[in-house]
Amino acid sequence: MRCSYCLRPAIYLRKIAYCADHFESYFVGKVKRTIKRYALLCKTDKIVVACSGGKDSTVALELVSRIYRDVEAVAIDEGICGYREHTLDWLKKYCYSNQIPLRVYSFEKEFGFRLDNVKDKKRLCTCCGVLRRYLLNSKSKGFDKVVTGHNLDDEAQSIFMNLSKANVEALVRLGPMAGVVRDNKFVPRVKPLYMCLEKEDVVFAYLKGFEMPRPECPYASSSYRADVKAGLNELEASRPGTKENLVKSFLRVLPRLRADYRCSEEVKSCAVCGEPCRADVCASCNIVKFKNNRFL
Ligand code: SF4
């Protein structure tokens, strides 16, 4: 197979074929268009990239630090043995060799327990997600934007999961810029890889020579997301374009959904920690408060 532009050997095929150089132009161009179209970042922004040491967030860090000047990285160590220590080791080396400042916060130090010690295994991913978002927001004060590595596959999965659970509250918070309410207590979370397929992230990471370890989170296979991911991958294989169409359809109805929902969103301050939330006590304080009798 030959590149549709220059007839050199192609390494990626999607509608047309790309050689390594033309794939990079296609991929970087798509990320830049996404940033511009949804006004995700601007030149004067102080940016922090939420990193895990995995391919998606490292690709986001690589591209954002190429385009913008004031960029740092932040990572959360949830306390998942055999997994997170490997990805964080790789991330530390990447940031060091690219002279990007990196801060790492751990559940153990911030909340007093490791995710591995949570007994209620059915709620592990919920607990992990809530506490991670809490730390990301509270430790990113002073930055204008938090960049995440979410790609089109992640977003298609989240849309499907929230629709199937009738969770409209979570659904309206998706999109290239997460959240409904713009409030100075929330540092906006933005997704420059929003229109990139996961396999495109993999190709870009490969071309850049990222040799990160690829351990799977030991809890991922039992999650609902893993089932949805497998189902969407099957559909995509038999009907290419399914994921992109799902996300594009969602983007068309999102402004109306948000307009309806915005009226009922009120940002309060958590009575325990003072961080923004919609109830009197935020979800993370509830988890930490009840950890002794419910989780651990
Ligand atoms: Fe956390 Fe679940 Fe993701 Fe593992 S799979 S990192 S437990 S959200």
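FYI, it's all coordinate maths here, none of it is from the lab. The model shown is predicted, which means the values in this text are computed figures rather than measured ones. Neighbour counts are summed over all protein chains in view; Cβ atoms, including those assigned to glycine, are modelled from backbone coordinates with ideal geometry.
For the reader, a short list of remarks on this structure follows.
- Reachable aspartates and glutamates, given that their alpha-carbon falls under 18 Å from the alpha-carbon of Lys208 and they are not under 8 places away in the same chain: Asp21, Glu24, Asp56, Glu62, Glu198, Glu200
- Net charge in the neighbourhood of Lys46 (other residues with Cβ under 10 Å of its Cβ; Lys, Arg +1, Asp, Glu -1) is -2.
- Stretchable slack from Lys268 to Gln99, in nm (0.36 nm times residue separation minus alpha-carbon distance): 57.0 nm
- Between Val187, Val130, Val253, the Gaussian network model of the chain with springs among Cα atoms under 10 angstrom shows the greatest mean-square fluctuation at Val253.
- A straight line joining the Cα centroids of the stretch 240-261 and the stretch 132-153 runs 22 Å.
- Exceedance of the 23 Å cut-off in Cα-Cα distance is limited, within the set Lys55/Lys121; Lys46/Lys185; Lys55/Lys145; Lys32/Lys248; Lys141/Lys191, to Lys55/Lys121.
- Only Cα pairs under 8 Å and 6+ residues apart enter the sum, and on that basis the relative contact order of the chain stands at 20 percent.
- Highest-MSF residue in the chain out of Arg37, Arg189, Arg225 [GNM, Cα springs under 10 Å]: Arg37
- Put a dot 7 Å past the Cα of Asp89, heading toward its Cβ, do the same for Ala39, and the two dots end up 4.5 nm apart.
- For the chain, the share of DSSP beta bridges that are antiparallel, to the nearest 5, is 30%.
- Distant-in-sequence amide contacts of Ala75, defined by a placed amide H-H separation under 5 Å and a gap of 5 or more residues or a different chain, comprise Cys51, Arg103, Val104, Tyr105.
- Normalised by the number of residues in the stretch 225-288, the mean separation of alpha-carbon contacts (under 8 Å, six or more apart) gives a relative contact order of 15 percent.
- Taking a Cβ cut-off of under 12 Å around Val281, the surrounding Lys, Arg, Asp and Glu residues balance to a net charge of +1, with basic ones at +1 and acidic ones at -1.
- Annotation: amide H of Val147 within the under-5 Å range of Val48, Val49, Ala50, Val190, sequence separation 5 or more or interchain, hydrogens built in the peptide plane.
- Projected onto planes of every orientation and averaged, the convex hull of the alpha-carbon atoms in the chain covers 16.0 nm².
- Comparing Ala50, Ala205, Ala73 in a Gaussian network model of the chain (Cα springs below 10 Å), the most mobile by mean-square fluctuation is Ala205.
- For the stretch 103-109, putting each phi into the Karplus relation 6.51 cos²θ - 1.76 cosθ + 1.60 with θ = phi - 60° gives couplings of 10, 10, 10, 10, 4, 4, 6 Hz, in residue order, rounded to whole numbers and with x for Gly and Pro.
- In a simple Cβ point-charge model (Lys, Arg +1; Asp, Glu -1; nothing else charged), the stretch 124-205 has a dipole of about 460 debye relative to its Cα centre.
- Under-5 Å amide H pairs with Cys273, H placed in peptide plane, nonlocal only: Cys282
- For the pair Lys121 and Arg252 in one chain, pulling the backbone fully straight at 0.36 nm per residue adds 43.5 nm over the alpha carbon distance.
- Its Kirkwood hydrodynamic radius, worked out from the mean inverse distance over all distinct Cα pairs, puts the stretch 143-251 at 15.4 Å.
- At R0 = 30 Å, FRET efficiency that the Cβ-Cβ distance of Arg225 and Val168 yields, to 0.05: 0.95
- Pairwise alpha-carbon distances in the stretch 1-156 exceed 18 Å for 65% of all pairs.
- ³J(HN,Hα) computed for each position of the stretch 119-135 - Karplus, 6.51 cos²θ - 1.76 cosθ + 1.60, integer Hz, glycine/proline x: 7, 6, 5, 5, 9, 4, 5, 5, 4, 4, x, 4, 5, 5, 5, 4, 5
- Hypothetical label at Lys46: residues of the stretch 118-143 whose amide nitrogen lies under 18 Å (7 Å Cα-Cβ projection): 136-143
- Normalised by the number of residues in the stretch 1-90, the average gap of Cα pairs under 8 Å and 6 or more apart makes the relative contact order 18 percent.
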